[in-house]
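Colleague: Please find one structure pasted underneath; my questions will follow.
Values in this text are rule-based calculations from the coordinates and carry no lab data. These figures come from a predicted structure and were not determined experimentally. Heads up, the Cβs are rebuilt from the backbone with ideal geometry, glycines too, and the neighbour counts pull from every protein chain shown.
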Amino acid sequence: MKTDRQLVIETTHFLKQRITDLPSIGFLTGTGLSDTLESLEEANRFEYSQLPNFTVSTVEGHKGRLVFGSIANKQIVMMQGRFHLYEGYSPAQVTFPVRVMQELGVKILIISNAAGGINLNFSPGDIMIISDHINLTGKNPLTGPNEDAWGIRFPDMVQVYDPSLMALTRKAAENIRTPIQTGVYAGLLGPSLETPAETRYLKTIGSDAVGFSSVMEAIAGVHGNMKILGLSLITNINDPDNPAQTTLEAVLKTARGASKTLDRLLCNVIEHL
């Protein structure tokens, strides 16, 4: 039976035979955000179904494509849609694309997601820089035998999200004259949304936003010695004292409405890297 790394290397070899330039920046898009980075000068595109050993996205709002291209002469690989634990995928499957990026030479990983706001000072459509996260999934992509070629057995998680990238993003927000938030992201297993009591708990332990993704990929990125920038698009506000129902359709509408702002922000960040 092949190891996870052998499977990753097979996929990486497949891609290297078909792309011209190796990427230094990886970008994972969240729900409803697959159209972010419209400014990307596309060089190659692959459906996930075309890639050996890749799984497929099953959630609406995730196109399921791996796109290679450039912005401001920076080589980028973008996942248009990700995989989630709640789809039944293992942590290794969820983080498989991050490992492919690592083998391709990616050094900067940008992770985006659609998230529910817990901080009542936030509004739908806000962009939040993730300063830290709380892993409440009960899962970790590093369990099992350690792959020494990818990273050390016990990676330190004191500074998951790179301070210089956060500062650069705040400056980019000033440049494009858009407000930006900063906060802690809580990662849950999903797919059921939070009860009011759970939202109160998340607020008590210091969460500003909540979602069902990103944490697995961030852990794998830290293990792979990548610099990480995390961004949450706040699609709704969870007020436990005034609970309101949330639908996927509403989340997608808010995400798509704010994707152009996120696009401008990221393009400004990438130009100044």
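Colleague: Can you give the angle from 0 to 90° between the axis of helix 163-175 and the longest principal axis of the chain, with both taken from C-alpha atoms, to the nearest 10?
Modeller: 70 degrees
Colleague: Ok, one more. Test of understanding: in a Gaussian network model of the chain with alpha carbons linked when under 10 Å, which of Arg18, Arg256, Arg170 would top the mean-square fluctuation ranking?
Modeller: For the chain, modelled as a Gaussian network with Cα springs under 10 Å, the answer is Arg18.
Colleague: So what is the relative contact order of region 4-271, in percent, for Cα pairs below 8 Å that sit 6 or more residues apart?
Modeller: 27 percent
Colleague: Which GluC sites (Glu not before Pro) from region 47-132 combine a DSSP loop assignment with at most 16 other Cβ atoms within 10 Å?
Modeller: For GluC sites (Glu not before Pro) across region 47-132 that sit outside H, G, I, E and B with at most 16 neighbouring Cβ atoms in 10 Å, the list reads Glu60.
Colleague: Let me ask you something else. Give the share of C-alpha pairs in each 10 angstrom bin for region 64-105, from 0 to the last occupied bin, in whole percents, shortest bins first.
Modeller: Computed distribution, short to long bins: 26, 50, 20, 5.
Colleague: For region 12-156, how big is the tail of P(r) above 27 Å, as a whole percent of Cα pairs?
Modeller: Summing the P(r) tail past 27 Å for region 12-156 gives 25 percent.
Colleague: Just grab the label-to-label distance for Arg200 and Thr178, each label 7 Å out from Cα along the Cβ direction, in nm (one decimal).
Modeller: Here the answer is 3.6 nm between the modelled labels.
Colleague: Oh, and also: Among DSSP beta bridges lying fully in region 4-271, give the percent that are antiparallel, nearest 5. If you can, show how the numbers build up before the last one.
Modeller: Numbers: 18 of 46 bridges.
Around 40 percent antiparallel, to the nearest 5.
Colleague: Could I ask something else about it? Taking the Cα atoms only, what angle lies between the long axis of helix 4-16 and the longest principal axis of the chain, rounded to 10 degrees?
Modeller: 70 degrees
Colleague: Now for a separate question. Using the crude model of +1 on Lys and Arg Cβ and -1 on Asp and Glu Cβ, and no other charge, please compute the dipole size for the chain relative to its Cα centre, in debye to 20.
Modeller: 360 debye
Colleague: In addition: Evaluate the Debye formula for region 4-271 with equal point scatterers sitting on the alpha carbons, no solvent, and hand back log10 of I(q)/I(0) at q = 0.12 Å⁻¹, in q order, two decimals.
Modeller: Evaluating at q = 0.12 Å⁻¹ gives log10 I(q)/I(0) of -0.67.
Colleague: Have a look at Ile130, Val77, Leu252 and report the one farthest towards the positive end of the charge dipole of the chain, computed about the Cα centre with Cβ charges (Lys/Arg +1, Asp/Glu -1).
Modeller: Val77
Colleague: While we're on this one: Mind scanning Lys16/Lys139; Lys63/Lys171; Lys74/Lys171 and naming the pairs with a C-alpha gap bigger than 21 Å?
Modeller: The pairs that break the limit, which is 21 Å between Cα atoms, are Lys16/Lys139; Lys63/Lys171.
Colleague: Which whole-angstrom value gives the distance between the alpha carbon centres of region 111-131 and region 201-273?
Modeller: If we compute the Cα centre of each part, the gap is 5 Å.
Colleague: Starting from the 7 Å offset along Cα-to-Cβ, what nm value, one decimal, do you get for the label separation of Asn140 and Lys171?
Modeller: The two pseudo-label positions are separated by 3.5 nm.
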